[in-house]
1. Out of B:Val66, B:Val56, B:Val119, B:Val85, I need the residue that is crowded, with 22+ Cβ neighbours inside 10 Å, within 14 Å of another protein chain (Cβ to nearest Cβ), farther than 19 Å from B:Pro6 by Cα and touching a strand residue (DSSP E or B) at 6+ places or on another chain (Cβ under 9 Å). Which one?
2. For A:Val6, work out the one condition from (1) without any contact (Cβ under 8 Å) to a residue 12 or more places away in the chain; (2) within 14 Å of chain B (Cβ to nearest Cβ) it doesn't fulfil.
3. Using the structure shown, decide if B:Leu128 is in contact with a Pro (Cβ under 9 Å, 6 or more places away or on another chain), farther than 18 Å from A:Pro104 by Cα, crowded, with 20+ Cβ neighbours inside 10 Å and more than 14 Å from every other protein chain (Cβ to nearest Cβ).
4. Is there any pair linking a residue in the stretch B:209-224 that is farther than 13 Å from B:Ala44 by Cα and touching a residue at least 24 places away in the same chain (Cβ under 8 Å) to one that is among the β-branched types (Val, Ile, Thr) and surrounded by 20 or more Cβ atoms within 10 Å (Cβ to Cβ), with Cβ under 6 Å and at least six apart or on different chains, and which?
5. For the stretch A:71-83, which positions are within 14 Å of chain B (Cβ to nearest Cβ) and hydrophobic (A, V, I, L, M, F, W, C)?
6. Output the residues belonging to the stretch B:69-80 that are closer than 19 Å to B:Tyr107 by Cβ, more than 9 Å from every other protein chain (Cβ to nearest Cβ) and surrounded by fewer than 20 Cβ atoms within 10 Å (Cβ to Cβ).
7. With the structure loaded, tell me whether A:Asp218 is in contact with a His (Cβ under 9 Å, 6 or more places away or on another chain) and acidic (Asp, Glu) or whether it fails that test.
8. Mind checking which residues of the stretch B:88-116 are among the hydroxyl-bearing types (Ser, Thr, Tyr), part of a helix (DSSP H, G or I) and facing chain A (nearest Cβ under 9 Å)?
Amino acid sequence: MATDAVMRVVEREVLIYRRLWRGVVFSQFVSPSLYLLAMGVGLGGLISAAGNTVDGLSYLEFVAPGLMAATALQTATGESMWPVLAGFKWMGFYHGMAASPMRPTDVYVGNLVWIAIRLTASSLAFLIVATLLGAILSPWAVLAIPAAVLCAVSVAALLSAFSATQETDHSFPLVMRFLTLPMFLFSATFFPLSQLPAALRPLAWLSPLWHGVELCRDATTGTLSAGGWAAVAGHVGVLMAYTAIGFVWGSRAFTRRLAT
Amino acid sequence: MKISGPLVSARSLSKQFDDFVAVDGIDFEVRPGEVFGFLGPNGAGKSSTMRMIGCVSAATSGELRVLGLDPATEGPSIRARLGVVPQEDNLDTELSVVDNLTIYGRYFGLSRSVLRDRVAELLEFVQLTDRADSRVDPLSGGMKRRLTIARALVNEPDLILLDEPTTGLDPQARHLVWERLYQLKQQGVTQVLTTHYMDEAERLCDRLVVMDNGRIVDEGSPAALIERHVTREVVELRLSEAAENEAIVATMASAGHRTESLTDRVLIYADDGDALVAHLLAEGLHPVSVFVRRSTLEDVFLILTGRTLIEY
């Protein structure tokens with residue numbers, strides 16, 4: 001892997017983005033606003049009116065970090081499936097890159113770096129909206145940005161590797177329905193894990209999103225959860241491990257696809 | 001960087017996919033400054049060979065040197081000095097014409113200031129200056145091909161690889177592409193191309209190999225191959241009945257002429273086609289049509305393999 005080659009993949013994306021950025025910047029504020037208004041203010045208002053709190057937090061304060069990690073995951077999912085297959089099949093621009101001095105691994109990593117940049121921007125937008133709505137309790141919340149990005153990148157690393165093994169996009173809706181959606185709903189995003197039957201909780205521990213949500217919630221509330229720093233290290237470790245597995249798989253899958 | 005020996009050399013080069021042998025032990029050399037061709041029908045192993053030369057596909061066995069280097073270990077340094085025109089355009093449809101060339105130059109590590117001038121020159125060379133800011137999608141097939149050729153030149157390559165450069169183009173667009181390739185040849189740019197068009201091979205190639213089923217069946221200049229395998233001219237006869245076909249083939253063969261019987265016509269190879277036709281008509285033959293033409297690489301291929309280059 002060569003850093004400058006990786007950055008040229010990013011450069012291509014920037015070139016495309018130049019024409020689209022106004023629309024994208026606007027839309028990056030739209031989905032966090034909608035989610036936070038519906039779940040945090042709307043549903044949260046109902047819960048607070050009944051005098052309830054969740055783990056000592058208002059529902060808006062509880063759900064905002066969950067949604068922050070979850071929307072980052074959603075963005076990463078989309079960006080690492082269809083666009084990746086387009087690079088191999090529908091448009092073929094990855095094959096153009098493969099004929100240059102770049103290596104397939106550079107192409108894979110370059111795409112991930114670009115996703116990370118996009119996620120950083122969208123997570124920042126989310127944090128701004130959440131702050132304006134009063135969902136953020138601590139300045140430590142800025143650390144929720146790298147947490148959400150790491151969480152989403154770990155999924156993008158795995159999914160873009162998977163996409164590189166596909167000939168058609170038939171499997172992508174299945175991934176959305178059976179992996180992303182359950183993860184989105186059951187990773188302590190909308191309610192604490194303690195609400196799940198004890199038997200199902202270990203499944204949530206496998207979810208990269210749960211680790212991301214926990215980290216984000218620690219940051220936006222400025223309070224460590226029961227596990228303390230050890231739990232934080234554990235969450236980061238799991239997300240990095242997923243990213244590493246994705247890297248090994250993706251590097252191989254891209255090489256097989258572009259150089260056989 | 002100039003090298004003195006062959007730009008590409010292959011010994012017993014093979015490529016196997018699972019249990020399918022795409023390239024079956026071929027030997028060839030590409031010399032500096034020449035246009036070298038792989039002529040053969042679809043599936044002959046031409047594209048697999050090109051991908052190995054382009055260092056995007058590893059040889060299964062045999063030896064390959066490109067620009068004096070080993071693709072297995074020095075792929076990126078070799079690719080840095082190649083220009084590739086793939087069979088299927090993979091231009092960046094999300095970018096404009098000028099951005100396509102610029103970003104491709106960036107993939108090769110060229111600076112933006114160098115690229116500004118070079119991209120303008122290349123657009124001029126392929127006659128796309130007035131489309132510089134256009135998107136790629138609305139361009140015609142011929143324009144896309146020319147843009148792909150310009151893209152392959154952005155790093156000032158020592159060797160250009162063209163896989164079926166004019167397949168799918170209309171005659172006028174093909175001629176424009178041929179003109180550009182000929183101009184590059186005049187400038188001393190070494191080119192390796194694959195084609196299943198005999199006219200393209202005859203027009204462009206200094207030397208070529210005829211490929212069939214992953215093997216090289218012969219090699220030489222177009223003229224030498226024609227001289228080696230066929231007579232100067234060919235008489236194409238269409239007769240009204242199949243029985244007549246068989247009769248004429250038998251008569252001509254016994255008179256020492258090489259013949260080929262195709263579904264819709266009979267080919268008779270002769271040094272003087274008109275004289276042969278005069279003789280046949282005097283003998284009382286009444287063909288539906290008679291056509292005398294010069295022999296081509298198509299005939300060479302037919303004789304070497306028993307099949308036509310383009311499957312009808």
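The values are calculated or read from the model by the stated rules, or taken from the named source; none is laboratory data. Keep in mind that what you see is a predicted model, and the values were worked out from it rather than measured. For neighbour counting, all protein chains shown are included, and Cβ atoms are generated from backbone atoms with ideal geometry for every residue, glycine included.
1. Working: B:Val66 fails: farther than 19 Å from B:Pro6 by Cα; B:Val56 fails: crowded, with 22+ Cβ neighbours inside 10 Å; B:Val119 fails: touching a strand residue (DSSP E or B) at 6+ places or on another chain (Cβ under 9 Å).
Answer to the selection: B:Val85.
2. Result: A:Val6 fails condition (1) only.
3. The answer is no for B:Leu128.
4. Close Cβ pairs (under 6 Å, with a partner that is among the β-branched types (Val, Ile, Thr) and surrounded by 20 or more Cβ atoms within 10 Å (Cβ to Cβ)) amount to B:Asp218/B:Val210; B:Glu219/B:Val209.
5. Within the stretch A:71-83, A:Trp82 is the sole residue that qualifies.
6. The initial filter retains those residues of the stretch B:69-80 that are closer than 19 Å to B:Tyr107 by Cβ, namely B:71, B:74-80.
From the residues that got through so far, the ones that are more than 9 Å from every other protein chain (Cβ to nearest Cβ) too are B:71, B:74.
B:Glu74 - this is the single residue of the stretch B:69-80 that is closer than 19 Å to B:Tyr107 by Cβ, more than 9 Å from every other protein chain (Cβ to nearest Cβ) and surrounded by fewer than 20 Cβ atoms within 10 Å (Cβ to Cβ).
7. Values: in contact with a His (Cβ under 9 Å, 6 or more places away or on another chain): yes; acidic (Asp, Glu): yes.
For A:Asp218, the condition - in contact with a His (Cβ under 9 Å, 6 or more places away or on another chain) and acidic (Asp, Glu) - is met.
8. First pass over the stretch B:88-116, keeping only residues among the hydroxyl-bearing types (Ser, Thr, Tyr): B:93, B:96, B:102, B:104, B:107, B:111, B:113.
Then keep just the ones that are part of a helix (DSSP H, G or I); that gives B:102, B:104, B:107, B:113.
Result: B:Thr102, B:Tyr104, B:Tyr107.
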